[in-house]
Amino acid sequence: MLLEHIQQPEDLKRLTLEQLEPLAAEIRQFLVENLSVTGGHLAPNLGVVELTLALHYLFDSPQDKFIFDVGHQSYVHKMLTGRMGKFNTLRKYKGLCGFVKRSESEHDVWEAGHSSTSLSAAMGMAVARDLSGGSNRVIALIGDGALTGGMALEALNHIGHEQRKLMVVLNDNEMSIAPNVGALSNYLARIRSDRHYVKAKEEVEHLIKKIPAIGGTLAKTAERVKDSFKYLVVPGVWFEELGFTYFGPVDGHNIQLLMETLRQADKVNGPVVVHVITRKGKGYSHAEADSHKWHGASAYKIESGQMLKSVGPPMYTEVFGSTLIELAKQDKRIVAVTPAMPGGSGLTGFAKAYPDRMFDVGIAEQHAATFCAGLAAEGLKPIYAVYSTFMQRAYDQIVHDICRANLNVTFAIDRAGFVGPDGETHHGVFDIAYLRSIPNIVVMMPKDENELRHMMKTALDYNEGPIAYRYPRINGLGVPLDETLEAIPIGTWEVVRPGADAAILAVGPMIPVALEAAEALAKEGVQVRVVNARFIKPMDEAMLVQLAKEDIPVVTLEEGAAMGGFGSGVLEFYSLQSIYGMRIKVIGVPDYFVEHGSVKEQYEEVGLTAERVITDINALVPRRRQRA
Ligand SMILES: Cc1ncc(C[n+]2csc(CCOP(=O)(O)OP(=O)(O)O)c2C)c(N)n1
Ligand SMILES: CC(=O)[C@@H](O)[C@H](O)COP(=O)(O)O
Ligand SMILES: [Mg+2]
């Protein structure tokens, strides 16, 4: 066993080249075995075993900066930098992070989780090196999916202009999470398999030999330095035109060839692209056969590849996807737009049913938003299906192109709230705060999956401007689903439990938490009203005024940033209405980034619990009432 002797990259460098291949096999076995228990991004990491070995074998992390785009494919890097023993805690509470994490290791020089940031960060580190007289390498590892992100293209433009020494290793496996899309992906595909490319090489060789006098010598020289000649015929002309020296495409599982190519690229004193062809999921047949499904795996049985999915009612995502198909049948205006998350957003069925009304635009949240604005401007009903956290990328497009222009775009915001194992880079805890402050937008959150369906109908019937419904990454409550869907009057809340001593204004998944607290308080003689605050904007102002008239304490409860969130909106309302003296307690996500773990552990860490609500209400309700 070679792997057990690898604690740091220095241990790796002591191996012979011949030992790297058996080591790669051991690493794959380690990944498949460990992730069968913890789950995680198996397919991406199986695809970069040789590549990560080559980088750590040839270059000197952490002096040389390895920057992983997204960072979901950094498990091998973590194994080689002293963290193998912690893989049993991968993505667990207080355990190993599933992405690169500076606090975990000096080798983790750049954190991500969101895609397409590596090239910009690499440029920053290259300039910092040059301004401080450094000589270290800066190496970004970016996937073909991440390359479709706008930030990556902005960075390529800058890097090519500055001409500083910087290596971009393009890990091209033809996959984003789903199969990669777009003209850039098609271009890469052509390079990978382009007969013309191979033909062009022969033609150029033939041409060179025909050049009088020197041709023969030149061709012979070319033959002698076959490798560099091979790079003379540049398939990566697009990169070359942007100022990069292009190397590749090279087999990303052939360690010898990888080393040779990386060594060549390292000699260039300017920006280079090394185009590496890999197979996502390599070495584990189930993942190779379906790298979309195995991009992010839950625990599984190794032999059968059967994932141990959580049982229970359908996820909110599934209900969204099936309801959208129902609505699209009735309303031809509906088109669905996703920035590279067709599967995760529950749109696989919709894409099958309505292929010409489904648009996967790549990892391009900004473009997706303004693309929807254009669709709406021409009378269609675009449904922007997006994870809350990734929608952060499109903030200006939402403000400037959609809300200001008051265009009828529908936002289907998934992963709203804590997401569990993906942790701080993926929680959807900011959209309440950043959406509610934008004029013209309506923001809703359902109490259960049945109300989600009615909200989707509400949004379909609403043509006044932008409207959003948000839902969490959890199973529904298992409530019956109404056949007939009716629009909910905009701005109306719902009392789900009567009570006269206090009121809890709860949003979405916080309603069960509020009900649990109310039941417990009832046993102490404190009757607490629970309100389904299903419209975050506009709020139910009549109900807010009524609460003031009743002069009862109010607790707001949301799985979102307390700062600027729904509770802040309630405080603002009373202030703006010059209603003073209200006893109001805002309960939400505190002002720090909550790390990975289970959603339950995250609730407990920040106090989104019935116990917390009970404590706060007891502090607010006068003791005399409790005696009654
Ligand atoms: C801004 C943003 N949008 C979407 C995602 C979701 N996401 C995570 S990995 C991934 C695909 C990345 O593809 P690629 O870069 O080719 O890496 P691979 O998984 O193929 O190794 C996507 C879309 C994200 N992390 N960040
Ligand atoms: C790395 C990344 O951003 C995605 O793979 C993300 O982890 C998917 O999240 P879900 O598992 O919630 O679809
Ligand atoms: Mg890819």
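Yes or no, residue by residue, for (1) more than 16 Å from ligand 3 (Cβ to nearest atom); (2) assigned to a helix (DSSP H, G or I):
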| site | (1), (2) |
| --- | --- |
| 141 | no, no |
| 152 | no, yes |
| 156 | yes, yes |
| 159 | yes, yes |
| 164 | yes, no |
| 168 | no, no |
| 171 | no, no |
| 177 | no, no |
| 181 | no, no |
### Message
Tell me yes or no: at least one residue of region 511-522 is part of a loop (DSSP other than H, G, I, E, B), open to solvent by less than 30 Å² (accessible area, probe 1.4 Å) and not acidic (Asp, Glu).
### Response
no
### Task
Could you please find all residues in region 86-100 being within 16 Å of ligand 1 (Cβ to nearest atom) and open to solvent by less than 20 Å² (accessible area, probe 1.4 Å)?
97, 98, 99, 100
### Query
Looking at (1) out of contact with any strand residue (DSSP E or B) (no Cβ under 8 Å at 6 or more places or on another chain); (2) assigned to a helix (DSSP H, G or I); (3) crowded, with 23+ Cβ neighbours inside 10 Å, which is the one condition that is false for residue 83?
(3)
### Query
How many residues are under 15 Å from residue 583 (Cα atoms) and not aliphatic (A, V, I, L, M) if we restrict to region 530-559?
6
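Yes/no matrix, rows are residues, columns are (1) within 16 Å of ligand 2 (Cβ to nearest atom); (2) among the charged types (D, E, K, R):
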residue: 101; (1), (2): yes, yes
residue: 115; (1), (2): yes, no
residue: 137; (1), (2): no, yes
residue: 146; (1), (2): yes, no
### Summary
Within region 101-140, of all residues that are more than 24 Å from the chain's Cα centre (by Cα) and open to solvent by less than 10 Å² (accessible area, probe 1.4 Å), the one farthest from residue 161 (Cα to Cα) is 138
### Task
Please specify each residue of region 158-172 satisfying the condition of being open to solvent by less than 40 Å² (accessible area, probe 1.4 Å) and farther than 7 Å from residue 144 by Cα.
159, 160, 166, 167, 168, 169
#### Entry: Matching option when the condition is open to solvent by 10 Å² or more (accessible area, probe 1.4 Å), free of Cβ contacts under 8 Å to residues at least 60 places away in the same chain, of a type outside the set (Gly, Ala, Ser) and under 23 Å from residue 472 (Cβ atoms), among 303, 318
318
### Query
In region 339-387, which residues are over 15 Å from residue 411 (Cα atoms) and β-branched (Val, Ile, Thr)?
348, 361, 363
### Task
Given the conditions (1) open to solvent by less than 30 Å² (accessible area, probe 1.4 Å); (2) assigned to a loop (DSSP other than H, G, I, E, B), report the number of the one that residue 332 does not fulfil.
(1)
### Number of the condition not met by residue 499 [criteria: (1) touching a Ser or Thr at 6+ places or on another chain (Cβ under 8 Å); (2) more than 25 Å from residue 436 (Cβ to Cβ)]
(1)
### Message
residue 17 - would you say it is at pLDDT 95 or above, more than 16 Å from ligand 3 (Cβ to nearest atom) and over 20 Å from the mean Cα position of the chain (by Cα)?
### Response
yes
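The values are calculated or read from the model by the stated rules, or taken from the named source; none is laboratory data. These numbers were taken from a predicted model, which means no experiment stands behind them. Backbone-built Cβ (ideal geometry, glycine too); neighbour counts: all protein chains shown. The accessibility values were calculated without ligands, DNA or RNA, using every heavy atom of the protein model including side chains. Shrake-Rupley method; radii C 1.70, N 1.55, O 1.52, S 1.80 Å.
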